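What follows is one structure encoded as structure tokens, with my remarks underneath.
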Amino acid sequence: MRDDAAWLTGDRPSVTELEDRAFELRSKLLHLCGTYEGAVHIGGDLSAADIFTALFHYGLRVDPHDISNPRRDRFLLSKGHAAVCMYIAMSMRGFFSYEGIVETYGKLDSAYGMHPCKVQLPGVEASTGSLGHGLPLAVGMALSARGRGESHRVVCLLGDGETGEGSVWEAAMAARSNELGNLVAFIDRNRQLMTSFTEERVVFEPYPDKWRAFGWNVVEIDGHDMAALVKAIDELPPADSDRPTVVVCETVKGKGVDFMEHNLAWHAGSLGAADLERAMAALEASREETV
Amino acid sequence: MPVTFTFGEMLSARSVIGSTLAELGETHDNLWVLTPDIGATLVEFREKYPERFLDVGLAEQACVGIAAGLAYDGNIPVVSGMLPFLSMRALEQVRSDVCYPNLPVKIIGTHGGLVGNGGSTHYAVEDLALMCALTNMTVTSIGDPLMVGEVLRQSMTMRGPIYIRLAVGKQDVVLYEPGEHDVRIGKGIVARDGTDATIFTHGTVVAQALQAAEELAADGRSVRVVDVFTLKPIDEDLIAQCADETHGRFVVLEDHLAYGGLATRIADVVADRGIHLTAFERLGIPQVYAGFGDDEELRDKHGYGLGATIAATRRVIAQPSWPSSH
Ligand SMILES: Cc1ncc(C[n+]2csc(CCOP(=O)(O)OP(=O)(O)O)c2C)c(N)n1
Ligand SMILES: [Mg+2]
């Protein structure tokens, strides 16, 4: 049973409201990608934007005004290169100042850079970016919660390419062995790594079966379908159950901007002013399509 | 395709790696190229020799282990990737699978030092200390993009493993004209001669050392710059010679932890050989997780930028000669 800490009260946004927020998140990401002089990992930001929105605006029991509450859900961004997507999603939930992100991103001594830095940015749960670290950390936190009899969840977002790392499967095995029903992994299954498409050089399929074979509860959804994300969150087994859950989210890298979608060149990059306009127009157009 | 250039221009070390590997693939039919999803600059090799190219995806440990397996069977594998992950995630594979049996695996990669603005997970700052600790490993760190090609070529006849460290490798200053220096693994390069003091350095900050020497020349100081691109085995004789010829005044500048890298290796030589120094200053990364910022800003912030290099060099030059009581 989950207790009713402050963050549980109040109405949660509807699917339509969440979709609007995901659109806003994508617009803000494109804006940064068009104004920041360095590269932004825009492909994997856009593929995960709906997942971030569903988590930070619906699923996670977190309170921007009480970031060290021991009973908060923990969120670990294992695919740390999507940090800026997390910063902005969190800023929209009241954690950080969006202006602060835009003004200082990547600058000397900024708290906001290419990968999350817990030392400089309280509110993120761990410094990640080297792929394959998030799930073991999440297992540790979930074990601790279990040991203390706490009812919060530990949620970890991974890239599909990232799950090539052995440490992911070592942690997956530990999670099942220790019956961590309070652990939830979301996989951004965008079928791309940095330099290749999955199945091209590295075969991932049958992907959900791999998790099943490790004894996890597997949920498969369209990671851009907000209603499906909400449903997956609503239907998570109770935190005191005995199997970790993985939500395999089928996504599109670069989602929402036609020239970035399924395009290896947009794993990371920067938009000039002209391309920013083009990207925004594409994003608008793709929204119209889905309405 | 041969690389064309003019002295002083910028060139991408990654493109040199790409073209050199494609060239070596032709002359060595046992050359393999492996990468853990960092293969963007290996396209030429991949297209020419798809049967000897392997991208394992995000799996640095397996990548190095597979390379060792290939090497056991007479192949020459080159593993290309990002050094924070190759030097740390795959460290045990490098040590026990590659170095222990002394296999000719070449590990080449980028992100050595506070470069690339990826934050602390993405800077290889301890890598040279780790690699220098490994028996049988040859350790290099290269600033001049063309030298990367030369070192790769020379490494083809080596029996054991080699580690080749680069910075970001996208925009590198061409430091030397080809043929200007005798580039040999294990030998330092006197990049600029001088008599008042020596700055020992390697990698991307060689350019900064040369600039410091140039600025000091404006006020009549004659500063030698030695590019110690091979940290292991280190050119002991050159170190001894510089002590003799530059009054035992040493500055060591590196984009690596100030303790554990080149400065430590030079200090070891000085102690072991009983070389008398007048002054010794080390400039490098302090024991901190450095955070975000561009390369130059981070070097300034952490005390090993251009200004600090000039100041340290002035200090060692101002130090009274040893023994000062004379
Ligand atoms: C251990 C490690 N190796 C390499 C990298 C460099 N890198 C960053 S993102 C990436 C591709 C990741 O692919 P995936 O996990 O599928 O992420 P996404 O497609 O969501 O961007 C690579 C190789 C890294 N950050 N960490
Ligand atoms: Mg992916």
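Coordinate-derived values only; no laboratory data. Given the structure is predicted, the values throughout are model-derived calculations rather than measurements. Counting neighbours? That spans all protein chains shown, and the Cβs are built from the backbone with ideal geometry, glycine included.
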Inset, instruction - Answer yes if at least one residue in the stretch A:175-194 is part of a helix (DSSP H, G or I), touching a residue at least 12 places away in the same chain (Cβ under 8 Å) and touching an Asp or Glu at 6+ places or on another chain (Cβ under 7 Å), and no otherwise. - result: no
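Across the stretch A:245-278, which residue is farthest from A:CYS33 (Cα to Cα) among those that are of a type in the set (Gly, Ala, Ser) and without any contact (Cβ under 8 Å) to a residue 24 or more places away in the chain?
The first filter runs over the stretch A:245-278 and keeps only residues of a type in the set (Gly, Ala, Ser), leaving A:254, A:256, A:265, A:268-270, A:272-274.
Subset that is without any contact (Cβ under 8 Å) to a residue 24 or more places away in the chain: A:265, A:274.
Working: A:ALA265: 14, A:ALA274: 12 Å.
That would be A:ALA265.
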Inset, instruction - Select from the stretch B:268-303 the residues that are farther than 14 Å from A:LYS107 by Cα and in a loop (DSSP other than H, G, I, E, B) and list them in ascending order. - result: B:GLY274, B:ILE275, B:HIS276, B:LEU277, B:THR278, B:PRO286, B:GLN287, B:VAL288, B:TYR289, B:HIS302, B:GLY303
Inset, instruction - Select from the stretch A:145-161 the residues that are in contact with a Leu (Cβ under 6 Å, 6 or more places away or on another chain) and hydrophobic (A, V, I, L, M, F, W, C) and write down the one among them that is farthest from ligand 1 (Cβ to nearest atom). - result: A:VAL154
Legend entry - All positions within the stretch A:117-132 that are more than 8 Å from chain B (Cβ to nearest Cβ) and either crowded, with 24+ Cβ neighbours inside 10 Å or among the polar types (S, T, N, Q) (or both): A:VAL124
Legend entry - Residue in the stretch B:76-91 that is surrounded by the fewest Cβ atoms within 10 Å (Cβ to Cβ), counting only those that are within 19 Å of the chain's Cα centre (by Cα) and more than 14 Å from chain A (Cβ to nearest Cβ): B:VAL78
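Going by the conditions given, is A:ILE51 more than 14 Å from chain B (Cβ to nearest Cβ), within 16 Å of ligand 2 (Cβ to nearest atom), over 28 Å from B:LEU86 (Cα atoms) and of a type in the set (Val, Ile, Thr)?
So A:ILE51 fits the description; yes.
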Legend entry - Pair list, Cβ under 6 Å, 6 or more apart: the stretch B:113-134 residue within 14 Å of chain A (Cβ to nearest Cβ), other residue surrounded by fewer than 21 Cβ atoms within 10 Å (Cβ to Cβ) and part of a helix (DSSP H, G or I): B:VAL115/B:ASP295
Inset, instruction - Examine the stretch B:92-102 for a residue that is within 14 Å of chain A (Cβ to nearest Cβ) and at negative phi, and state whether such a residue exists. - result: yes
Inset, instruction - Evaluate the stretch B:296-304: report whether one residue or more is more than 12 Å from chain A (Cβ to nearest Cβ) and not acidic (Asp, Glu). - result: yes
Legend entry - Test result for B:SER96, farther than 14 Å from A:THR195 by Cα, buried (at least 24 other Cβ atoms within 10 Å of the Cβ) and among the hydroxyl-bearing types (Ser, Thr, Tyr): no
Legend entry - Members of the stretch A:142-158 found to be more than 16 Å from ligand 2 (Cβ to nearest atom) and either surrounded by 19 or more Cβ atoms within 10 Å (Cβ to Cβ) or not hydroxyl-bearing (Ser, Thr, Tyr) (or both), listed by number: A:ALA142, A:LEU143, A:ALA145, A:ARG146, A:GLY147, A:ARG148, A:GLY149, A:GLU150, A:HIS152, A:ARG153, A:VAL154, A:VAL155
Inset, instruction - Please specify each residue of the stretch A:246-290 satisfying the condition of being in a helix (DSSP H, G or I), of a type in the set (A, V, I, L, M) and away from ligand 2 (no atom under 13 Å from the Cβ). - result: A:ALA265, A:ALA273, A:ALA274, A:LEU276, A:ALA279, A:MET280, A:ALA281, A:ALA282, A:LEU283, A:ALA285
